[in-house]
Amino acid sequence: MTQILGISGSLRRDSHNTNLLRAAAEAAGPDVELEIYDGLKEIPPYDEDDDLHPRPASVARLVDAIADADAVLFATPEYNSSIPGQLKNAIDWVSRPVATNVLRNKPVAVVGASTGAFGAVWAQAELRKVLAAVGARVLDLELPVPHAHTRFEDGALTDDEIRARLDDAIQALAGEIRARQDIHSVA
Amino acid sequence: MNAATLTIAPAGTWSLDSVHSSVDFEVSYLAGQFKGGFDEIGADLTVDADRARLEGNAKVASVDVKDENLTAHLQAPDFFDAEQYPELRFTAEDIRLDGDGQVSVAGELTIKGVTKPVTVTGTVTAPMVDPYGTERIGLNLTTKIDRTDFGVNWNNPLPNGDPSLANDVTILAELQFVKPGGETN
């Protein structure tokens, strides 16, 4: 069973991006389990003085969840042309130390929803840049969901085209996971 | 001796003395030249009656720069992708002596799984015998490549919009070869 961790950059209960991850979990086939991470809000602000062993429990939990997953699917809104501070803060925690962090070589993909006309494309690009900088295997795909408030009913995705592209993203992640497994089984 | 039959070294199979060899790169970054290298390298040089062949490799995981975070970034998919493409490779089927110790080499370089022909220039030293009785030559090769031809595309824009890291990268291989059986360190 392929395990994908879904991380939404939006914290609010009725977040379009969290709903997008729920739709991805449903679109994923029977061989893929997509678990949505629910503890982003508990991550404290990064402070090197607090980056000691043991790390804060909320950070350790996120690090373990990423380490246990075969891949990570991020869904990000766009705040002021970039990614939400709390999402960046969480990645900053996870990225330390850079040389051994759990995102290193981890297949990741980024999607994003916004209520505006562009579907968080800048935030997705920013997030791909950040993830690449910490050493993740960032898939070259973009999935903007513009006018997000028109694409969900009671939290459920109503747009079949978006659903198909979510499935494509999941399949791309699964393909990348298999490619890594091939490398390691040869090695 | 006929120029057409000049080879770069006496015939035979030559092994790399990796301790006294280096494979480094230089690329323009910000206000100067950034330099790095690879600690784990290997090469075999085969010289027969009319030509020489070289096969060399460098382990991406051994990339050596002055900051461990940068080392990690260079090994990441953003740059060389050590996990998926653990080796850089260079092969040349025909290394020619142009005279005065100058060599020209048409070879193929493989970086990040992409193989491209590259033109290499360099020099070779006259064979010598070292204090341990081992026959030895020095082969110094240089090429300039466009890293984006090999899918190494990372950049970061300067405030004025220009890229901070150049695309042209100079690769320098300073190699000493010995006849097998001799001391190599």
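The values are calculated or read from the model by the stated rules, or taken from the named source; none is laboratory data. Owing to the predicted nature of the structure, the values given are computational and were not obtained by experimental measurement. Every residue, glycine as well, gets a Cβ built from its backbone with ideal geometry; the counts of neighbours run over all protein chains shown. Surface areas here come from the heavy atoms of the whole protein model, side chains and all, with no ligands, DNA or RNA. Shrake-Rupley method; radii C 1.70, N 1.55, O 1.52, S 1.80 Å.
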Taking only protein heavy atoms and a 1.4 Å probe, the highest-to-lowest accessible-area order of B:W154, A:W122, A:W93 is A:W122, B:W154, A:W93
Sort chain A into rounded, prolate or oblate with this rule: let a ≥ b ≥ c be the square roots of the eigenvalues of the Cα gyration tensor; rounded if a/c is under 1.5, and if a/c is not under 1.5, prolate when a/b is larger than b/c, oblate otherwise.
oblate
What nm distance separates the two modelled labels at A:Q86 and B:A166, each placed 7 Å from Cα along Cα→Cβ?
4.6 nm
Is the range B:98-159 rounded, prolate or oblate when judged by the Cα gyration tensor, a ≥ b ≥ c being the square roots of its eigenvalues, rounded requiring a/c under 1.5 and prolate requiring a/b larger than b/c?
prolate
Work out the length of the dipole vector of the range A:1-152 about its Cα centre, built from +1 on the beta-carbon of each Lys and Arg and -1 on the beta-carbon of each Asp and Glu, and round it to the nearest 20 debye.
300 debye
How much accessible area does B:V152 have with a 1.4 Å probe, in Å² rounded to the nearest 10?
10 Å²
State the antiparallel share, in %, of DSSP beta bridges confined to chain A, rounding to the nearest 5.
15 percent
What is the calculated FRET efficiency for A:A60 to A:Q3, with r their C-beta to C-beta distance and R₀ = 25 Å, to the nearest 0.05?
0.85
Does the protein assembly as shown come out rounded, prolate or oblate, given a ≥ b ≥ c as the square roots of the eigenvalues of its C-alpha gyration tensor, rounded meaning a/c under 1.5 and, failing that, prolate meaning a/b above b/c?
prolate
Find out how many positive minus negative residues lie around B:E87, taking Lys and Arg as positive, Asp and Glu as negative, among other residues whose Cβ is under 15 Å from that of B:E87.
-4
In square angstrom and rounded to 100, what buried accessible area do you get between chains A and B, total over both, with the probe at 1.4 Å?
1100 Å²
The set of residues whose placed amide H lies less than 5 Å from the amide H of B:D64, leaving out same-chain residues fewer than 5 positions away, is B:G37, B:F38, B:D39
Taking K and R as +1 and D and E as -1, what net charge do the other residues with C-beta under 12 Å from the C-beta of B:E174 add up to?
-2
Determine the share of chain B's accessible area contributed by carbon and sulfur atoms, expressed in whole percent, with a 1.4 angstrom probe.
48 percent
Selected from B:A43, B:A76, B:A61 as most flexible by GNM, with chain B as the system and alpha-carbon contacts under 10 Å:
B:A76
Work out the mean other chain Cβ neighbour count within 10 Å for the residues of B:72-84 and drop it here as an integer.
6
Scan around A:K106 for amide H atoms under 5 Å from its own, H built in the peptide plane at 1.01 Å from N, and keep only partners 5 or more places away or cross-chain.
A:R137
Pairs A:K41/A:K129; B:K66/B:K179; A:K41/B:K112; A:K41/B:K59: which are spaced more than 31 Å apart, C-alpha to C-alpha?
B:K66/B:K179; A:K41/B:K112; A:K41/B:K59
So, in Å, what gap is there between the alpha-carbon centers of the range A:1-37 and the range A:94-117?
14 Å
Starting from the amide H of A:G119, placed 1.01 Å from N in the peptide plane, find each other amide H under 5 Å away whose residue is 5 or more places distant or on another chain.
A:S114, A:H147
Please get the size of the charge dipole for the range A:70-187, origin at its Cα centre, with Cβ charges of +1 on Lys and Arg and -1 on Asp and Glu, quoted in debye to the nearest 20.
620 debye
Determine ³J(HN,Hα), in whole Hz, for all residues of the range B:117-131 in sequence, where each value follows from phi through the Karplus function 6.51 cos²θ - 1.76 cosθ + 1.60 and θ = phi - 60°; x replaces Gly and Pro.
x, 9, 9, 10, 10, x, 9, 10, 8, 5, x, 9, 10, 7, x
Between B:A126 and B:A31, Cβ-based FRET efficiency (R0 45 Å, step 0.05) works out to 0.70
I want to verify a result. In a Gaussian network model of chain A, Cα cutoff 10 Å, which of these has the top mean-square fluctuation: A:H53, A:H149, A:H16?
A:H53
For chain B, with +1 on Lys and Arg beta carbons and -1 on Asp and Glu, the positive-most of B:I171, B:V105, B:M128 along the dipole
B:V105
How high is the relative contact order of chain A, in percent, counting Cα pairs under 8 Å that sit 6 or more residues apart?
23 percent
If ligands, DNA and RNA are left out, what is the accessible area of A:L52 with a 1.4 Å probe, given in Å² to the nearest 10?
100 Å²
Positive minus negative residues near A:D160 (Lys, Arg vs Asp, Glu; Cβ under 14 Å):
-3
I'd like the accessible area for A:I177, computed on protein heavy atoms only with a 1.4 Å probe and all protein chains in place. Round to 10 Å², please.
10 Å²
Judged on accessible area alone, 1.4 Å probe, highest first, A:V134, B:V19 line up as B:V19, A:V134
Can you tell me what the convex hull of the Cα atoms of chain B projects to on average, as an area in nm²?
11.8 nm²
